[in-house]
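The values are calculated or read from the model by the stated rules, or taken from the named source; none is laboratory data. Keep in mind it's a predicted model, so treat the numbers as computed, not measured. Quick reminder, even Gly has a Cβ in these numbers, built from the backbone with ideal geometry, and neighbours come from all protein chains shown.
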Amino acid sequence: MLGRITLQRCSTTLATFVRCCPSSAQTNSFTYRTHTCGELRRHHAGEKVTVCGWVEFNRLNRFVVIRDAYGHVQAFVPDGQESISAAVKNITYESVVKVTGTVTERADKHKNPKMVTGDVQVDIDSFEVVNTAPATLPVSLRKETEVSSDSALRLKYRYLDLRKPQMQQILRFRANLVHKMRRYLTEEASFVEVETPTLFRRTPGGAAEFVVPAGKPNIGRFYSLPQSPQQFKQLLMVGGLDRYFQVARCYRDEGSKLDRQPEFTQVDLELSFTNQEGVIALIEQLVCQSWPDEMAELRPSAPFERMTYADAMRLYGVDKPDLRVNWQIEDISASLSSLKKESNDDWCARVIVAKGAAKSLSSKWRKEAKRLIGMNKFAQPFAVCTLKEDPLFKAALSNQDFLREKLNLQDEDAAVICWGTPADVQKTLGQLRTLLIEATGVRNQKKMVFLWVVDFPLFDREEDDRLVSAHHPFTAPAPGQERLLFDGNPEEITAQHYDLVLNGVEVGGGSIRIHDAATQRHVLKNILREDSTELEHLLEALSLGAPPHGGFAVGLDRYVALLFGRGDSSVPIRDVIAFPKSKEGHDVMCAAPTAPTDEQLVRYGIRLIES
């Protein structure tokens, strides 16, 4: 129909987006446009306006839909405007144009309810082609047949991908969230924002770090990019700046995954004269006070649920359980003792009864679950059983009696049974539970369930019998357990460490720190066997009057991905980062990293060795 162009693919996204946009006075200040493409309404009829944007549709060389970051508007070429009609005829999609004209109300039959500006159009007086786009773009912006977020094309032409309404919405959603966090921390909680250096030195333990060569007069030496501002924020506490925060860039030389990038962002904070309860209460308030307005129906209320690490592992097999379903691990060792090898005393059999999951567990899912579980060192044998399909029990026992009476299985339910070494059975069932949740679509529920996991062990033991920090070496033991660091079993010590979990994803973590220099030196030297000379600056600072302190860091990328997905944990963090890396850690758009030039190698005194 003439004059009516349907923008069905983006109407919902834009409608949500427009509600959280700043006012027109703000968005049009300092520019030569008078209005954005998304703000014109019937009350603007008769006004002379100038709008700018990209050409999205052209019908009959008379109706042109122009798009900017704030929406769409239709422009119309009136009769007798042959020169404008000729310009419109030759225009290509995604060309940048400037249109001046008069806002008119469309006739009722030409109004488009799928466009927020669908009641009006701009009758063109002046049509200027600011920049002509080629007839064919390397990435289509007019089709919603979306490719995956790590598509090489999407990453290579990220600046084109950013023009899409959803990408515009994501980045503005993220910016608004960070602004609300900043506002709460500075205006209501009296925190001070401090930038800390990103050219630092090696930190013992933890993830691998990127190194940066130093030039003259420090040739042969290297900086390290920090994994987090951990040491600097502790030093700020020693310096008397008792409430610090920072939207901090962090770096880890690790592979990129759906929820991980080699460079990432934390909302990092630290405060003095506090304890675990104080930090937890602060973070709950930060989450609630910065909650996006457009998600009011999902707003959480404090206090959040809590669970000990031991209970999380016992009931769910993971330290970040997704509590949107209450499928728990149960012990059935006595019923399945026939599967036990006579010589194996360290044995158990356990089960997860997944209510309503039977119809979701296809043979393809079973094969994929077996493949994924088999990739882990801890993998133990398991079976997925329903009342119709029970491969394990046909050989083991009277399956129908066991499944119906012992497990109370119904036709629509599934039982996932695993047997073997207890600790490894828990881990295997924990991963299987996550795979079950994904298969049944729970992962896509628009629901937010926050959980604090507390009482972690302070140390873990590696396969080589070496003790390592379960969190990081600066974490303090639980009150009353300090002496166990010197004259007890370190593996029995509970840490003052706390993780915040949302829908089965760890979105942040923190701890109360060791503020005594002698204790910190003992942990590094005698328990972790680390060279404490790498941390002499911190140890000296702690010895010069350090207050008790603790903090927390929100993984901003993960958190934004979960919020934007309304709890859907399948949204990759690449979709909430303006210029992300590929899964190989490459900047596909700019072709980084690159080989150094000979001049650079000479400047930094480096000689490359082929591996």
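Here are some notes:
- Looking at the range 1-112, the helices (runs of 4 or more DSSP H) lying wholly inside it that each contain 1 or more residues that are at pLDDT 90 or above and β-branched (Val, Ile, Thr) sit at 82-89.
- Test: LYS340 is within 21 Å of ARG443 (Cβ to Cβ) and assigned by TED's automatic domain parsing to the domain that holds GLU412: no
- A single entry from SER151, SER140 fulfils the requirement of being out of contact with any Ser or Thr (no Cβ under 8 Å at 6 or more places or on another chain), buried (at least 16 other Cβ atoms within 10 Å of the Cβ), under 30 Å from ASP259 (Cα atoms) and without any contact (Cβ under 8 Å) to a residue 12 or more places away in the chain: SER151.
- Flag set for ASP322, criterion: of a type outside the set (Val, Ile, Thr) and either without any contact (Cβ under 8 Å) to a residue 60 or more places away in the chain or over 20 Å from GLN230 (Cβ atoms) (or both).
- Among all residues of the range 531-543, there is none that is part of a loop (DSSP other than H, G, I, E, B), crowded, with 19+ Cβ neighbours inside 10 Å and assigned by TED's automatic domain parsing to the domain that holds GLU462.
- Unmet criterion (only one of (1) part of a helix (DSSP H, G or I); (2) hydrophobic (A, V, I, L, M, F, W, C); (3) under 21 Å from SER569 (Cβ atoms); (4) touching a residue at least 60 places away in the same chain (Cβ under 8 Å)) for ILE280: (3)
- The range 223-241 residues that are in contact (Cβ under 8 Å) with a residue 60 or more places away in the chain, paired with ones that are of a type in the set (Gly, Ala, Ser) and assigned to a loop (DSSP other than H, G, I, E, B) (beta carbon under 8 Å, 6 or more apart): GLN234/ALA546; MET237/ALA546; VAL238/GLY545; VAL238/ALA546
- In the range 207-216, the residues that are surrounded by 15 or more Cβ atoms within 10 Å (Cβ to Cβ) and closer than 25 Å to ALA470 by Cα: GLU209, PHE210
- Some residue of the range 489-505 being under 26 Å from VAL192 (Cα atoms), assigned to a helix (DSSP H, G or I) and at pLDDT below 95: no
- Evaluation of PHE486 against (1) more than 30 Å from PHE304 (Cβ to Cβ); (2) touching a Leu at 6+ places or on another chain (Cβ under 6 Å); (3) of a type in the set (A, V, I, L, M, F, W, C) (one fails), failing number: (2)
- The number of residues in the range 113-129 that are farther than 16 Å from GLU56 by Cα and modelled with pLDDT under 95 comes to 1.
- Single unsatisfied condition, ALA248 versus (1) modelled with pLDDT of 95 or more; (2) in contact with an Asp or Glu (Cβ under 6 Å, 6 or more places away or on another chain); (3) more than 21 Å from HIS549 (Cβ to Cβ): (3)
- Qualifying residue in the range 434-451 (condition: part of a loop (DSSP other than H, G, I, E, B), modelled with pLDDT of 90 or more and either buried (at least 21 other Cβ atoms within 10 Å of the Cβ) or not charged (D, E, K, R) (or both)): yes
- The residue that is surrounded by the most Cβ atoms within 10 Å (Cβ to Cβ), counting only those in the range 549-606 that are without any contact (Cβ under 8 Å) to a residue 40 or more places away in the chain and assigned to a helix (DSSP H, G or I), is LEU601.
- The range 432-446 residues that are over 16 Å from LYS370 (Cα atoms) and in contact (Cβ under 8 Å) with a residue 40 or more places away in the chain, paired with ones that are hydrophobic (A, V, I, L, M, F, W, C) and assigned to a helix (DSSP H, G or I) (beta carbon under 6 Å, 6 or more apart): ARG443/ILE437
- The requirement of being among the polar types (S, T, N, Q), assigned to a strand (DSSP E or B) and within 37 Å of the chain's Cα centre (by Cα) is fulfilled somewhere in the range 129-139, by at least one residue.
- The residues listed here are THR519, THR533; of these, the one that is without any contact (Cβ under 8 Å) to a residue 12 or more places away in the chain, more than 30 Å from ARG433 (Cα to Cα) and polar (S, T, N, Q) is THR533.
- Candidates PRO292, PRO321, PRO300: the one that is in contact with a strand residue (DSSP E or B) (Cβ under 8 Å, 6 or more places away or on another chain), surrounded by fewer than 20 Cβ atoms within 10 Å (Cβ to Cβ) and not hydrophobic (A, V, I, L, M, F, W, C) is PRO300.
- Every condition in (1) touching a residue at least 40 places away in the same chain (Cβ under 8 Å); (2) over 25 Å from the mean Cα position of the chain (by Cα); (3) not in a helix (DSSP H, G or I) is met by LEU271 except one, and the failing one is (2).
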